[in-house]
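Quick notes on the structure that follows.
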Amino acid sequence: MNVGTVFLVGKSTILTAAHCFFDGNKKVSSVTFIPGKNGSSNPYGFDESTKLHIPTKYKEAYAANHEDEKWKYDYALVELSGTPGAKLGYFALGGYNTQYSIEKLVGEKAIVIGYPTTKMHRHKSDIIGYNSEKYQIYYTTDTTSGQSGAPVFIYTGIGNKEYIKL
């Protein structure tokens, strides 16, 4: 069983890392989404996937062992059977050209929420750099297996719950 972190980006859509599902040999065909999992408790139930989308460019980069391209396209979109985002809420996706320029992100606090175990963990640390050509932001938070695909975002301080996904 593969374990990774996903996050809601719509009422019935989750986003994560493609490498959680595809590595040339491993080709996951179905996903069970369990929001808020806490040990053996599933407080919000679960939903099964209906479709899994992995970019063709990720698969091609993986086959060619082209690391820069592989990381650039390392995302997967999953459609779910239910609509958990209608009840739980979801991240609105923004484009690369958000209100923050990448240079201004250095020194901000990156928040990473993921599931390295069967319990959710939240970490916050400084953004220390970036590589705009590779679409990478560097931060000092330790992450581990199971947190792949987790959202990385900053708190904007605007409104009650305003966050920007990076």
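The values are calculated or read from the model by the stated rules, or taken from the named source; none is laboratory data. These numbers were taken from a predicted model, which means no experiment stands behind them. Glycine gets a Cβ as well: all are built from the backbone with ideal geometry, and neighbour counts include every protein chain shown. Surface accessibility is based on the protein's heavy atoms, side chains included, excluding ligands, DNA and RNA. Shrake-Rupley method; radii C 1.70, N 1.55, O 1.52, S 1.80 Å.
Considering only trypsin sites (Lys or Arg not before Pro) in DSSP loops that have at most 10 other Cβ atoms within 10 Å, the longest stretch of the chain without any of them is 27-160. A straight chain from Tyr155 to Tyr75 at 0.36 nm per residue would run longer than the Cα-Cα distance by 26.5 nm.
Each residue of region 136-153 is assigned a 3J(HN,Hα), and the resulting list reads 10, 10, 10, 9, 9, 5, 6, 10, 9, 3, x, 9, 4, x, 5, x, 10, 8 Hz, derived from the Karplus form 6.51 cos²θ - 1.76 cosθ + 1.60 (θ = phi - 60°), x at Gly and Pro.
Distances between placed amide hydrogens fall under 5 Å for Tyr130 paired with Tyr138, all partners being 5 or more residues away or on another chain. Within the chain, the longest segment free of exposed loop sites, counting GluC sites (Glu not before Pro) that fall outside DSSP classes H, G, I, E and B and have at most 16 other Cβ atoms within 10 Å, spans 1-132. Taking every protein chain into account, the accessible area of the chain amounts to 61 square angstrom per residue (probe 1.4 Å).
With 25 Å as the limit, the listed pairs Lys37/Lys104; Lys59/Lys124; Lys59/Lys104; Lys37/Lys87; Lys57/Lys124 have Lys37/Lys104; Lys59/Lys124; Lys59/Lys104; Lys57/Lys124 beyond it between alpha carbons. Pairs of Cα atoms in the chain fall into 5 Å distance bins, from 0 up to the last occupied one, in shares of 2, 8, 16, 20, 22, 17, 11, 4, 0, 0 percent. Over the heavy atoms of Ser145, what accessible area does a 1.4 Å probe trace out, to the nearest 10 Å²? Surface accessible to solvent at Ser145 totals approximately 100 Å². Share of carbon and sulfur in the accessible area of region 5-107 stands at 49%, probe radius 1.4 Å. Summing charges over neighbours of Thr32, with a neighbour being any other residue whose Cβ is under 13 Å away from its Cβ, gives -1 when K and R count +1 and D and E count -1.
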